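Colleague: Questions regarding the structure given below will be posed in turn.
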Amino acid sequence: MLDKVRKRDGKIVKFNTRKIAHAIQEAAKSVGGTDMLRATKMARQVAFIMESKFADKIPSVEDVSDTIEDVLVSHGCKKTSKAFILYRERRANARNQDALIQ
């Protein structure tokens, strides 16, 4: 059972399906979606895929995000997938800017 994930700073934290569901829901909300039950089901699918792909190692947050994208696309959620991808890009740019400042 997958129970840990490696954050970008290297910290190991508890794997949390609710955070995945929340991320999916926020991306869906940004394009007019409202179905939290669907987001929860997709989060469970992400967890299932992660468990099979990373049974013997700790995945990174990026691995989780990549799997979220794959699940969104496989469910035909093109707008939500695009919103999630754009959010990831904005966050990556913000992290890069913060790194340049420091």
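Colleague: Only residues that are surrounded by 14 or more Cβ atoms within 10 Å (Cβ to Cβ) and basic (K, R): list them for the range 8-23, please.
Modeller: Scanning the range 8-23 gives a single hit, K19.
Colleague: Out of all the residues in the range 46-70, which are under 18 Å from M1 (Cα atoms), of a type in the set (S, T, N, Q) and within 12 Å of the chain's Cα centre (by Cα)?
Modeller: S60, T67
Colleague: Which condition from (1) part of a helix (DSSP H, G or I); (2) loosely packed, with under 14 Cβ neighbours inside 10 Å is the one that V73 breaks?
Modeller: Condition (2) is where V73 drops out.
Colleague: Further question: Given the condition more than 22 Å from L86 (Cα to Cα) and part of a loop (DSSP other than H, G, I, E, B), answer yes or no: does some residue in the range 21-43 qualify?
Modeller: No - not one qualifying residue is present in the range 21-43.
Colleague: Check whether at least one residue in the range 82-95 is in contact (Cβ under 8 Å) with a residue 24 or more places away in the chain, of a type in the set (S, T, Y), open to solvent by less than 70 Å² (accessible area, probe 1.4 Å) and assigned to a helix (DSSP H, G or I), and report yes or no.
Modeller: Looking for residues that are in contact (Cβ under 8 Å) with a residue 24 or more places away in the chain, of a type in the set (S, T, Y), open to solvent by less than 70 Å² (accessible area, probe 1.4 Å) and assigned to a helix (DSSP H, G or I), one finds none in the range 82-95, hence no.
Colleague: Would you check if A55 is modelled with pLDDT under 95 and of a type outside the set (D, E, K, R)?
Modeller: In short, yes.
Colleague: Among the residues of the range 39-52, how many are under 24 Å from K78 (Cα atoms), in contact (Cβ under 8 Å) with a residue 12 or more places away in the chain and either in contact with a strand residue (DSSP E or B) (Cβ under 8 Å, 6 or more places away or on another chain) or open to solvent by 60 Å² or more (accessible area, probe 1.4 Å) (or both)?
Modeller: Filtering the range 39-52 down to residues under 24 Å from K78 (Cα atoms) leaves 39-50.
Still in the list and also in contact (Cβ under 8 Å) with a residue 12 or more places away in the chain: 39-40, 42-47, 49-50.
Now restrict to residues that are either in contact with a strand residue (DSSP E or B) (Cβ under 8 Å, 6 or more places away or on another chain) or open to solvent by 60 Å² or more (accessible area, probe 1.4 Å) (or both): 44-45.
Residues meeting the conditions: 2.
Colleague: Checking the conditions here, which among E62, E26 is of a type in the set (D, E, K, R) and surrounded by 15 or more Cβ atoms within 10 Å (Cβ to Cβ)? Steps first, answer last, please.
Modeller: Details: E62 fails: surrounded by 15 or more Cβ atoms within 10 Å (Cβ to Cβ).
E26 is the lone residue from the list that is of a type in the set (D, E, K, R) and surrounded by 15 or more Cβ atoms within 10 Å (Cβ to Cβ).
The values are calculated or read from the model by the stated rules, or taken from the named source; none is laboratory data. It should be emphasised that the depicted structure is a prediction, and the values quoted were computed from it without experimental measurement. Don't worry about glycine lacking a Cβ; one is built from the backbone with ideal geometry, like all the others, and counts go over all protein chains shown. All accessible areas refer to the heavy atoms of the entire protein, side chains included, with ligands and DNA or RNA removed. Shrake-Rupley method; radii C 1.70, N 1.55, O 1.52, S 1.80 Å.
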